[in-house]
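Notes for the one structure printed next.
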Amino acid sequence: MTQDAKDPLYSILRSKREVSRLQILVEIAEHQPAVRQQEIATKLGVTPQAISEYIRELTDEGMVSASGRGNYEVTKAGIEWVLANAESLESYARHIRRDIIQQVSIWTAIAAENLKAGDEVGVFMKGGFLYAAKKSQPATGSVVADAKKDE
């Protein structure tokens, strides 16, 4: 991915502040109009004072409207900002799944039994190590080279 304004690493993921703003807007949108700052603070693991300051900033920027104590709503501008950032995050997640993880085609595992190249195996964790065996497992693979037990 290139380093531009559409890159979530360049924008939202590089700043805890921007991540917090996104989370607060999502919380307000999910629970509007009656939203307690204390509940948001607890959920996000920050102080109610921090939430109050964020909401004040978001209100000043036109992303949140306040109508009385504890009555907040995300404005059209706020929703557009959330959607733009959510799309960036979705794009980044797709990039991780399609371009990064799928490139990992060979994983080293310890043979739990004698295995031959081409055998279909199940892979599993045991004692912090990845093992391969002929028994069925949720994760599977193919042996790429002959291996004796414990190799």
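Quick notes
- Selection from the range 92-147 of residues that are polar (S, T, N, Q) and touching a Phe, Trp or Tyr at 6+ places or on another chain (Cβ under 8 Å): Q137
- Test: S88 is surrounded by 15 or more Cβ atoms within 10 Å (Cβ to Cβ), in contact (Cβ under 8 Å) with a residue 40 or more places away in the chain and in contact with a Ser or Thr (Cβ under 7 Å, 6 or more places away or on another chain): yes
- Criterion: modelled with pLDDT under 85 and exposed (fewer than 13 other Cβ atoms within 10 Å of the Cβ) - qualifying residue of R97, R56: R97
- Test: residue in the range 64-73 that is on the phi > 0 side of the Ramachandran plot and surrounded by 11 or more Cβ atoms within 10 Å (Cβ to Cβ): yes
The values are calculated or read from the model by the stated rules, or taken from the named source; none is laboratory data. Quantities reported herein were computed from a predicted structural model and do not represent experimental measurements. Positions of Cβ are backbone-derived with ideal geometry, glycine not excepted, and every protein chain shown enters the neighbour counts.
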